[in-house]
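Data block below; observations after.
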Amino acid sequence: MPKTSSSMSRVLLASLMVMSVLGPAWAQQPPTVRIRGTIEAVDGSLLAVKSREGTDMKVRLTDNVAVFGVAKTTISEIKPGSYIGVSAMPEPDGSQKAIAAQIFPESQRGLAEGFRPWDLRPNSTMTNATVAETVQGTDGEIILVKYKDGEKKVVVPPDTPIVSFVAGDKSELKPGATVIAFVNTLPDGSLETNRVSVGRDGLAPPM
């Protein structure tokens, strides 16, 4: 019995050592970040992008990169049941004041559902949720959106950019196009993306 106990202790110790080695590695996995900017050059799968901050960046496309067009639309296209994303600023009364709103296609319903911090502006937020109801208010459209963990009241001023995501193609990723790329940093420090949204007709993706 002591021998069995000793063997189990060694196995447990070895497991803890492996976890202690892997734990920091897991913790150091960088989150996906967003690069907003203009494509300056394309070399095969490598995009040269000047970010909105003026930084020159190289971003490699994965083989299975998803490209979405971002097209202008109107708030009348946001209806009960629509799945939307709203970048916004929090208001003192707990509501959200929209900076931009995007309508997802049905194929993307449920994508990144929920409420979270966003990096469009300092203290901005993003809510991906289903529209429960819309009401005309004094300061714009008032939209109640619901997601699996809660709901938010969003005020959409009349000048808020409203866009929709449409199927895109890699051919749209060309010099002069404005994009938002969802980027991961690889172990060698290079940047890679499997999702790029590109503005159409001169539109800069407002999210």
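If each residue of separation counts as 0.36 nm, what is the full-extension length gain between N184 and T138 once their alpha-carbon separation is subtracted?
Result for the pair: 12.4 nm of gain on full extension.
Against the main long axis of the alpha-carbon atoms of the chain, helix 2-27 sits at an angle near 30°.
Between V145, Q102, N184, the Cα set farthest toward the positive side of the dipole of region 71-207 (charges on each charged residue's Cβ, about the Cα centre) is that of N184. GNM remark for the chain: springs join alpha carbons under 10 Å apart, and the peak mean-square fluctuation among V135, V49, V67 falls on V135. Put simply, the amide H of S82, placed in the peptide plane, has neighbours under 5 Å in V131, leaving out anything fewer than 5 places away on its chain.
Among the protein heavy atoms of the chain, carbon and sulfur supply 57% of the accessible surface, probe 1.4 Å, non-protein parts ignored. Note on A204 and E91: the model spin-label points, each 7 Å out from Cα along the C-beta direction, lie 2.6 nm apart.
For the chain, modelled as a GNM whose springs connect Cα atoms under 10 angstrom apart, the maximal fluctuation among S87, S45, S107 occurs at S107. For T73, nonlocal amide neighbours, meaning residues 5 or more places apart or on other chains whose placed amide H falls under 5 Å from its own, are I162, V163, S164. Accessible area of M207 (1.4 Å probe, protein heavy atoms only, ligands and nucleic acids ignored): about 10 Å².
For region 105-111, putting each phi into the Karplus relation 6.51 cos²θ - 1.76 cosθ + 1.60 with θ = phi - 60° gives couplings of x, 4, 5, 10, 4, x, 4 Hz, in residue order, rounded to whole numbers and with x for Gly and Pro.
Two decimals, Cα atoms only, Kirkwood Rh: what is Rg/Rh over region 115-204? Could the numbers behind the result be given before it?
Working: Rg = 16.7 Å, Rh = 16.1 Å.
Reported Rg/Rh, Kirkwood definition of Rh: 1.04.
Measuring gaps between exposed loop sites in the chain (trypsin sites (Lys or Arg not before Pro); DSSP loop; at most 15 other Cβ atoms within 10 Å), the longest gap, sites not included, is 149-207. For region 56-122, the solvent-accessible area works out to 52 Å² per residue, with a probe of 1.4 Å and every protein chain left in place. Every pair of different Cα atoms in region 62-117 enters the Kirkwood calculation, which places the hydrodynamic radius at 13.3 Å.
Tell me the Kirkwood radius of region 53-171: reciprocal of the mean inverse pair distance over distinct alpha-carbon atoms, in Å. Let's see the in-between values first.
Working: mean 1/r = 0.0657 Å⁻¹.
It works out to 15.2 Å.
The values are calculated or read from the model by the stated rules, or taken from the named source; none is laboratory data. Bear in mind that the values here come from a model prediction, so they are computed numbers and not experimental data. Here the Cβ is made from the backbone with ideal geometry for all residues, glycine too, and neighbour counts use every protein chain on show. Heavy atoms of the whole protein, side chains included, go into the accessibility calculation; ligands, DNA and RNA do not. Shrake-Rupley method; radii C 1.70, N 1.55, O 1.52, S 1.80 Å.
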